[in-house]
1. Sort 310, 77 by heavy-atom solvent-accessible area, probe 1.4 angstrom, most to least.
2. In whole angstrom, how far apart do the alpha carbon centroids of the range 258-279 and the range 162-201 sit?
3. How much accessible area per residue does the chain have, in Å², with a 1.4 Å probe?
4. Would you mind checking the tilt of helix 164-176 against the longest principal axis of the Cα atoms of the chain, expressed as 0 to 90 degrees and rounded to 10?
5. Quote to one decimal, in nm, the extra length available between residue 89 and residue 320 on full extension: 0.36 nm per residue of separation minus the C-alpha distance between them.
6. Which entries of 138/159; 138/221; 147/204; 281/348; 66/87; 221/281 have Cα-Cα distances beyond 20 Å here?
7. For the range 292-361 and the range 55-130, what is the centre-to-centre distance using only Cα atoms, to the nearest Å?
8. Once the other residues with Cβ under 15 Å from the Cβ of residue 242 are scored (Lys, Arg +1; Asp, Glu -1), what is the net sum?
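The values are calculated or read from the model by the stated rules, or taken from the named source; none is laboratory data. Here the structure is a predicted model, which is why all the values come from computation and not from measurement. Heads up, the Cβs are rebuilt from the backbone with ideal geometry, glycines too, and the neighbour counts pull from every protein chain shown. Heads up: the accessible areas ignore ligands, DNA and RNA and are worked out on the full protein's heavy atoms, side chains in. Shrake-Rupley method; radii C 1.70, N 1.55, O 1.52, S 1.80 Å.
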Amino acid sequence: MESNNQTERKSLFSFDRWLLYTEIIAIIGFVVLAAFFTQRGGAEPKSPPLSQAETFITEADAYFDKQHLGRAVFFYWQALQAFETEKTEENRADRLHANLRIAEIYSQRSWLKDAKSRLDYAVHIQPNHEDVLLLSGKLLRDEGELKDATTQFLAVLEKNPHNAEAHYLLGVLYQGSRQYEAASRHYRAAIESDSEFAHVPSEKAPIGVLARLQLSRTYNKMFQSYRFLDRELTSEDIAEASRLETQSVLLLEEAVQQQPEMQEIVNDLIGLLYVRANALKREAATRPYADALEVYERIVELDPTEIQAWQEMGEIYAGFLGDKPKALEMYRKVYELEPHATFLAIIKSLEEEIAAENAPLE
């Protein structure tokens, strides 16, 4: 199943990339042909009038928001051509914006050389602008220059301490180098800075959602580290490990509320819930089995095809709570998802036991 999903994602990516190439080639061809016929007519190629630049920017932004990148590039270029007729302080921000967007589009498609070249134009316009520093950091990261990328992201935060994306990107870098405390600090700052879950066209989810996903993973790494301590856990250790596990789950629950269709979040949450349910089952008292049931119920709510969760509920109802009708209900669901002879035998056995218990006494 996962393999099929990966193949499908790869196919969609390939198609999307092919479509972008096609659009850009068509645009270049159109421009070349237009220039050719203009020159044949004895006239010099003309840039669009400056009065149209703002319209080009608006159209380009609309296409960029929808991630129609080929069309967006075309209109950003048209705007820049219009600005060539007169570069003023009034249109400086628009020129910066167009250059940055073209560089970002190139970056998204891993055309790093072209992206850096276009970013140089933005640097020339306003070298210390936070968006210039941010994109510069991204390109350095993509080239593997992680120390320099970190410096750029920190420079962004000096200008704007509430830049959610800079905090998030720093969190990713620190997480990658196992500096979990630093990563956690920046992820939390990213979450606080993106309380409205602002749309980011180039990302698969708002920064506030992505930061919750990665902070959950960071907390989970920190939680797992307690298993490898070369000493007996103290009460403080146990309390901290429990807090990290709880926070990991809560963060993913918050993320899935915002982005329920994002399978990456759902899968992580299901994985953590299985860990929690198994821990509850290992406790001796009766009540944790009821708690474990609640966790398994949440798992099948997230993914009704989770056979293991249905089976675990069946075992709890049958073996520990003595509720054979509910156990039968669970195993019927298991058999519906996976019609194996073993599950059918369990169903038949439960049906016979229930019938015998309900039979009238003679």
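1. Details: 310 40, 77 80 Å².
Reading off the accessible areas and sorting them downward yields 77, 310.
2. Value for the Cα centre distance between the two parts: 21 Å.
3. Values: 20870 Å² over 362 residues.
Value returned for the chain: 58 Å² of accessible area per residue.
4. The angle comes out near 60 degrees.
5. Numbers: separation 231, 0.36 × 231 = 83.16 nm, distance 7.57 nm.
75.6 nm is the gain from fully extending residue 89 to residue 320.
6. Working: 138/159 17 Å; 138/221 25 Å; 147/204 26 Å; 281/348 26 Å; 66/87 29 Å; 221/281 23 Å.
Too far apart for the 20 Å limit: 138/221; 147/204; 281/348; 66/87; 221/281.
7. About 59 Å separates the Cα centre of the range 292-361 from the one of the range 55-130.
8. Values: positive: 227, 243, 276, 282; negative: 236, 237, 240, 245, 283, 291.
Within the 15 Å Cβ shell, the charges total -2.
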